[in-house]
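Student: Pasting a structure below so you can have a look.
The values are calculated or read from the model by the stated rules, or taken from the named source; none is laboratory data. Since we're looking at a predicted model, the values are computed, not measured. A quick note on method: Cβ atoms are made from the backbone with ideal geometry, for glycine too, and the neighbour counts reach across all protein chains shown.
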């Protein structure tokens with residue numbers, strides 16, 4: 001088991017593949033596993049190690065999501081980056097799959113939690129075959145990531161960033177059945193932080209522009225043809241009687257292309273199995289699709 005590395009600039013962290021796969025292969029998967037991933041609708045299930053307490057973090061994706069992306073786009077020993085690591089879900093997935101990983105977050109509480117979570121995962125897995133990889137969270141702003149990593153060392157960037165200012169307002173919990181809406185989070189602002197650099201404080205257009213700025217800095221760190229996965233949802237904004245849909249995923253695509261990336265795939269995360277006791281939204285006169293039932297997984301790459 002590898003101990004946490006010292007925070008230096010640049011970080012001394014592994015990034016070379018250790019498997020024996022042919023150099024032309026994009027991952028370590030076999031043909032059967034490849035076919036199972038080709039359908040562009042993905043479904044994930046929470047496992048016991050997933051953190052679902054919104055008092056710890058308001059929006060955590062399941063370990064299965066970054067794990068699937070890591071399996072698809074990297075080899076053992078390569079380096080995975082999460083620019084908005086939160087409480088470390090991507091780091092746990094990378095450890096499971098014998099990949100090095102580094103994540104960044106503004107909030108020290110999240111970074112501390114992520115590093116403790118990884119350390120506990122390694123203790124829990126002590127009896128398994130040792131993994132000579134490192135996973136670490138760093139407390140710093142995502143614009144500063146190029147200070148920590150060498151050019152062309154990152155095999156995959158995968159993240160689920162804050163969804164613009166969606167949480168930066170009192171929540172009515174309308175996606176939950178009416179008699180269950182008044183839970184502990186009813187009319188609370190479930191924001192990550194009040195830091196003006198926090199993506200979760202920004203209106204959607206500004207949010208997408210800043211993501212584009214951050215990923216422009218990340219682009220030279222990526223290996224040629226390395227993929228960047230961004231999990232995002234659109235926003236339903238209630239600013240008048242009828243409300244309006246904000247196509248955040250479209251804004252992200254536009255800004256990522258400006259930054260030099262090429263869109264490769266749009267995958268739908270089918271979340272219906274994770275949504276329980278949903279409420280009626282818009283009935284009977286205003287048809288609105290229930291956004292909690294799906295999200296977008298946007299797949300870009302560093303063009304060769």
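Student: In the range 70-81, how many are within 14 Å of the chain's Cα centre (by Cα) and in a loop (DSSP other than H, G, I, E, B)?
Tutor: Residues flagged as within 14 Å of the chain's Cα centre (by Cα) and in a loop (DSSP other than H, G, I, E, B) within the range 70-81 amount to 0.
Student: Related question: Which condition from (1) out of contact with any strand residue (DSSP E or B) (no Cβ under 8 Å at 6 or more places or on another chain); (2) over 18 Å from residue 99 (Cβ atoms); (3) surrounded by 13 or more Cβ atoms within 10 Å (Cβ to Cβ) is the one that residue 42 breaks?
Tutor: Answer for residue 42: the failing condition is (1).
Student: While we're here: Having 1 or more residues that are modelled with pLDDT of 95 or more and within 14 Å of residue 163 (Cα to Cα) is the bar; report the strands (runs of 3 or more DSSP E) wholly within the range 205-282 that clear it.
Tutor: Output list reads 222-232.
Student: Quick check on the range 60-69. Is at least one of its residues in contact with a strand residue (DSSP E or B) (Cβ under 6 Å, 6 or more places away or on another chain) and outside any loop (DSSP other than H, G, I, E, B)?
Tutor: Yes, because at least one residue in the range 60-69 is in contact with a strand residue (DSSP E or B) (Cβ under 6 Å, 6 or more places away or on another chain) and outside any loop (DSSP other than H, G, I, E, B).
Student: Turning to a different aspect of this structure: Somewhere in the range 111-118, is a residue buried (at least 24 other Cβ atoms within 10 Å of the Cβ), in contact with a strand residue (DSSP E or B) (Cβ under 8 Å, 6 or more places away or on another chain) and in contact (Cβ under 8 Å) with a residue 24 or more places away in the chain?
Tutor: yes
Student: Go through 84, 95, 104 for me and flag whichever is closer than 20 Å to residue 63 by Cβ, in a loop (DSSP other than H, G, I, E, B) and modelled with pLDDT of 95 or more.
Tutor: Exactly one residue qualifies, and that residue is 84.
Student: For the range 13-31, does any single residue satisfy the condition of being assigned to a helix (DSSP H, G or I), modelled with pLDDT of 95 or more and closer than 24 Å to residue 140 by Cβ?
Tutor: Among the residues of the range 13-31, not one is assigned to a helix (DSSP H, G or I), modelled with pLDDT of 95 or more and closer than 24 Å to residue 140 by Cβ, which makes the answer no.
Student: Looking only at the range 281-300, decide whether some residue is under 21 Å from residue 65 (Cα atoms), free of Cβ contacts under 8 Å to residues at least 24 places away in the same chain and either in contact with a strand residue (DSSP E or B) (Cβ under 9 Å, 6 or more places away or on another chain) or surrounded by fewer than 18 Cβ atoms within 10 Å (Cβ to Cβ) (or both).
Tutor: The answer is yes; a qualifying residue exists.
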